[in-house]
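The values are calculated or read from the model by the stated rules, or taken from the named source; none is laboratory data. Computed from a prediction, not measured in an experiment: that's the story for all the values here. Virtual Cβ from ideal backbone geometry, glycine too; neighbours counted across all protein chains shown. All accessible areas refer to the heavy atoms of the entire protein, side chains included, with ligands and DNA or RNA removed. Shrake-Rupley method; radii C 1.70, N 1.55, O 1.52, S 1.80 Å.
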Amino acid sequence: MQLLEKRFELPVLPDRRYWTPEYLASISKTIRELKLARQAVILAHNYMWDPVKEVADFVGDSLGLSQQASRTEAKTIVFCGVHFMAETAAIICPEKLVLLPELKAGCSLSSSITVEELRDWKALHAGAIVVSYVNTSAEVKAESDYCCTSSNAEKVIRSIPPHKKILFLPDKFLGYYLAQRTGRDMEIWQGQCHVHAKINARDIDRIMEAHPYADLLIHPECGCVSSCMYRALQGLPGQPKTYFLSTEGMTRHVRQSKATEFAVATEIGILDRMRKENPDKHFIPVNENAVCEFMKTITPESILRSLEEMVHPITVPSRVAHKARLAIERMLALT
Ligand code: 13P
Ligand code: SF4
């Protein structure tokens with residue numbers, strides 16, 4: 001299996017010194033007025049800066065954002081997420097204008113496989129079913145049989161006839177997690193997200209020693225997934241209550257759980273929302289350096305410019321979109 005060289009450049013985090021409450025209130029007001037004038041809807045991923053989530057009509061995970069994009073009646077979607085997410089919205093809503101406020105909003109995981117690499121891989125495993133995580137380019141989705149997100153990946157894998165071999169891409173940690181959960185015959189691409197890969201078992205041990213009664217919430221892209229799953233399956237006394245969840249699954253869990261403390265292993269942007277929605281509960285980031293520089297390129301300023309200048313439209317060539325839509329629709333039909 002190939003080892004991946006670094007294929008992406010990390011954007012610099014924005015200067016937030018000017019984000020005073022007065023400044024943010026004023027820019028948010030202008031964004032809301034312009035949004036109405038443009039008949040636009042703002043969709044935001046859970047990892048966005050808090051002031052971005054504040055002006056959004058809907059905040060959620062990759063699956064929730066795709067579903068909202070397909071349901072909205074608005075003519076324009078301002079997509080506050082990363083490029084592959086806006087591309088997914090453009091594929092499922094070809095009649096709408098999808099704007100990505102900042103073109104630097106890429107994704108290290110999505111960069112870890114190209115369509116040429118996927119074609120070569122498929123050629124080595126004729127007859128296998130290709131399942132692509134949503135963090136992939138439109139071209140890669142177009143070469144796939146199914147798409148999936150972190151909230152439905154297991155369901156998608158289980159829907160495939162048991163005798164079929166599966167090629168899963170691009171995230172190795174999610175892939176190993178799924179192979180362990182389902183016992184399926186899977187080839188796994190060796191891609192990773194630079195943010196989640198660094199959340200490791202040492203971080204978990206350090207946090208759980210300080211907070212032994214906290215529920216432990218782990219995004220399946222994390223570097224610690226296999227070891228945490230192994231420990232959770234052993235069921236040894238004293239192990240934390242461990243849950244492997246998508247970002248939206250995490251927010252749902254903390255609302256419903258009786259626990260009052262939660263150790264959260266994912267990008268730290270999600271903690272703002274958790275704290276706001278659950279003021280009586282306590283949230284601890286497992287790794288406080290888990291910041292996605294790509295997601296963080298989207299700012300109130302870039303949203304304002306996006307609405308003023310109607311930039312940056314995301315389009316997918318119709319031949320690619322048609323094939324990619326089949327993989328996405330197979331996923332949406334299962335959820
Ligand atoms: P979710 O689908 O869980 O929101 O994850 C998307 C993502 O990019 C995680 O890094
Ligand atoms: Fe991509 Fe990782 Fe950022 Fe998610 S956190 S968008 S997988 S780089």
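Worth a mention:
- Given (1) out of contact with any strand residue (DSSP E or B) (no Cβ under 6 Å at 6 or more places or on another chain); (2) within 15 Å of ligand 2 (Cβ to nearest atom); (3) open to solvent by less than 20 Å² (accessible area, probe 1.4 Å); (4) modelled with pLDDT of 95 or more, number of the condition residue 79 does not satisfy: (1)
- Just one of (1) surrounded by fewer than 19 Cβ atoms within 10 Å (Cβ to Cβ); (2) of a type outside the set (Asp, Glu); (3) in contact with a helix residue (DSSP H, G or I) (Cβ under 8 Å, 6 or more places away or on another chain) fails for residue 259. It is (3).
- Exactly one residue among 103, 63 is within 28 Å of residue 172 (Cα to Cα) and either in contact with a Pro (Cβ under 9 Å, 6 or more places away or on another chain) or open to solvent by less than 30 Å² (accessible area, probe 1.4 Å) (or both), and that residue is 63.
- Hey, residue 301 modelled with pLDDT of 95 or more, charged (D, E, K, R) and assigned to a loop (DSSP other than H, G, I, E, B) or not: no
- Residue 283 vs. criteria surrounded by 14 or more Cβ atoms within 10 Å (Cβ to Cβ) and either within 16 Å of ligand 1 (Cβ to nearest atom) or under 19 Å from the mean Cα position of the chain (by Cα) (or both): no
- Within the span defined as the range 265-274, every residue fails to be open to solvent by 30 Å² or more (accessible area, probe 1.4 Å) and either over 17 Å from the mean Cα position of the chain (by Cα) or farther than 25 Å from residue 206 by Cα (or both).
- Options 9, 54, 33: the member that is open to solvent by 20 Å² or more (accessible area, probe 1.4 Å), within 16 Å of ligand 2 (Cβ to nearest atom) and either without any contact (Cβ under 8 Å) to a residue 60 or more places away in the chain or among the aliphatic types (A, V, I, L, M) (or both): 9
- Screening the range 1-108 for strands (runs of 3 or more DSSP E) wholly inside it with 3 or more residues that are among the β-branched types (Val, Ile, Thr) returns the ranges 76-80.
- Evaluation of residue 309 against (1) touching a residue at least 12 places away in the same chain (Cβ under 8 Å); (2) farther than 30 Å from residue 167 by Cα (one fails), failing number: (1)
- Residue match in the range 233-248 (condition: β-branched (Val, Ile, Thr), in contact with an Asp or Glu (Cβ under 9 Å, 6 or more places away or on another chain) and under 28 Å from residue 56 (Cβ atoms)): yes
- Matching entry among 210, 290, 232, 214 (being within 15 Å of ligand 2 (Cβ to nearest atom) and either at negative phi or open to solvent by 40 Å² or more (accessible area, probe 1.4 Å) (or both)): 290
- Cross-chain or 6+ apart pairs with Cβ under 6 Å, the range 94-106 first and in contact (Cβ under 8 Å) with a residue 60 or more places away in the chain and within 16 Å of ligand 2 (Cβ to nearest atom), then in a strand (DSSP E or B) and of a type outside the set (Ser, Thr, Tyr): 100/79
- Whichever residue in the range 88-99 is open to solvent by 20 Å² or more (accessible area, probe 1.4 Å) and in contact with a strand residue (DSSP E or B) (Cβ under 9 Å, 6 or more places away or on another chain) and, among such residues, is farthest from ligand 1 (Cβ to nearest atom): 97
- Of residues in the range 235-249 being within 22 Å of residue 153 (Cα to Cα) and surrounded by 14 or more Cβ atoms within 10 Å (Cβ to Cβ), the one farthest from ligand 2 (Cβ to nearest atom): 242
- The number of residues in the range 175-187 being open to solvent by 50 Å² or more (accessible area, probe 1.4 Å) and of a type outside the set (D, E, K, R) comes to 3.
- Being at pLDDT 95 or above and over 21 Å from the mean Cα position of the chain (by Cα) is a property that holds for residue 257.
- Any chance residue 252 is under 20 Å from residue 153 (Cα atoms), free of Cβ contacts under 8 Å to residues at least 12 places away in the same chain and open to solvent by 30 Å² or more (accessible area, probe 1.4 Å): yes
- Flag for residue 61 being within 16 Å of ligand 1 (Cβ to nearest atom), more than 25 Å from residue 309 (Cα to Cα) and charged (D, E, K, R): yes
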